[in-house]
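Enquirer: Once you've had a glance at the structure underneath, I'll fire off some questions.
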Amino acid sequence: MRHALAALFVLGLVNGAAHAQQAARPYPDLLQAGTDTLYQYLVQGADTTFIGTVVDVIERVSLNGRAVIRRIYSSDSRLSGGTRDTIIDDAATLRPVRTASYSTRAIEKVEYGPDRASGWIRQPNGDSLRIDVAVPPQVYAASSFDVVIRASELDDGWSATVPAFVASSRVVVPMTARVVREERIDEWECWRVDAEYMGMPVTFWVERETRRLCRQEMRPRVGLSLLYTRRAPRAPRRGAT
């Protein structure tokens, strides 16, 4: 999600701010470790084009004796190029511990202490930007936005604000989410969660039992969206004329 959003920022398609709601309260034990493969499509009006693949790995590991959740998010996209994010969050609270992001456009590394985020970003033009800012006790990495939602006690009427640290702008942004209804995606029963990521509408379909992400749609503007789904593109028929 991070690098697709970065590409949309470059295109000037993301803006706005979120509205305040009740603070998120995730329960990380709801998350299951494992590997998911999602297929990314660019949807423009009636046209849908396959543009890449995402592999999302969630592991429970120990870091210097501390129980953490390590997420490795790798994307190969025609829109944003090849990317790899490693996000490490506390296993009990999902508070960020460390994030590292590598792409063809930039490199970003952030370490989180009790009340500060520090690190650096190498920007597309080659310049480096230092990160050293205060953060509140309850904060999450922006790249863990969907994980915080998936780890919450989703139910009819659920809504929350996720205070998320956006390293590229060095600010904490309130991002909102709410359960709209239950929906069936292929064979999976899901919660449909409508959210805002820095003002951009995003919808997550979260499988009720496993909390895996079945589908995700990002809508930077009317008539244009990025769609992630477990459904792979159809192979062309051999011998078609």
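Enquirer: In square angstrom, what is the accessible area per residue of the chain with a 1.4 angstrom probe?
Expert: 50
Enquirer: Let me ask something else about it. Need the full-extension length gain, Ala134 to Arg78, defined as separation in residues times 0.36 nm minus the C-alpha distance. One decimal, nm.
Expert: 16.6 nm
Enquirer: What are the extents of the Cα atoms of the chain along their three principal axes, in Å, largest first?
Expert: Largest first, the chain extends 62, 45, 35 Å along its Cα principal axes.
Enquirer: Still on this structure, I have one more. Roughly speaking, what is the stretch gain from Val57 to Arg178, that is 0.36 nm per residue apart minus the C-alpha to C-alpha distance, in nm to one decimal?
Expert: Once the chain is fully extended between Val57 and Arg178, it gains 41.1 nm.
Enquirer: Let me ask you something else. What part of the accessible area of the chain, given as a whole %, is carbon or sulfur when the probe is 1.4 angstrom?
Expert: About 48 percent, which is the carbon plus sulfur part of the accessible surface.
Enquirer: For the stretch 32-53 and the stretch 139-175, what is the centre-to-centre distance using only Cα atoms, to the nearest Å?
Expert: So the two Cα centres are separated by 22 Å.
Enquirer: Continuing with the same structure: Give, as a single signed number, the net charge of other residues whose beta carbon lies under 11 Å from the beta carbon of Arg219, with Lys and Arg counted +1 and Asp and Glu -1.
Expert: Net charge around Arg219: -2.
Enquirer: Then there's this: Tell me, what is a quarter of the convex hull surface for the C-alpha atoms of the stretch 64-136, in nm² with one decimal?
Expert: 5.7
Enquirer: Keeping all protein chains in place and using 1.4 angstrom, which order do Tyr102, Tyr140 fall into by accessible surface area, from largest down?
Expert: Reading off the accessible areas and sorting them downward yields Tyr102, Tyr140.
Enquirer: Over the stretch 41-97, with a single point scatterer placed on each C-alpha, what log10 of the ratio I(q)/I(0) does the Debye formula yield at q = 0.20 1/Å?
Expert: Values, matching the q order: -0.74.
Enquirer: Divide, for the stretch 101-196, the radius of gyration over alpha carbons by 2.2 N^0.38 Å, where N is the residue count.
Expert: Dividing the Cα Rg of the stretch 101-196 by 2.2 N^0.38 Å gives 1.32.
The values are calculated or read from the model by the stated rules, or taken from the named source; none is laboratory data. Every value quoted in this text rests on a predicted model; they were computed, and no experiment measured them. Cβ atoms come from the backbone with ideal geometry, glycine included; neighbour counts cover every protein chain shown. Accessible surface is based on the protein model in full, side chains and every heavy atom, while ligands, DNA and RNA are left aside. Shrake-Rupley method; radii C 1.70, N 1.55, O 1.52, S 1.80 Å.
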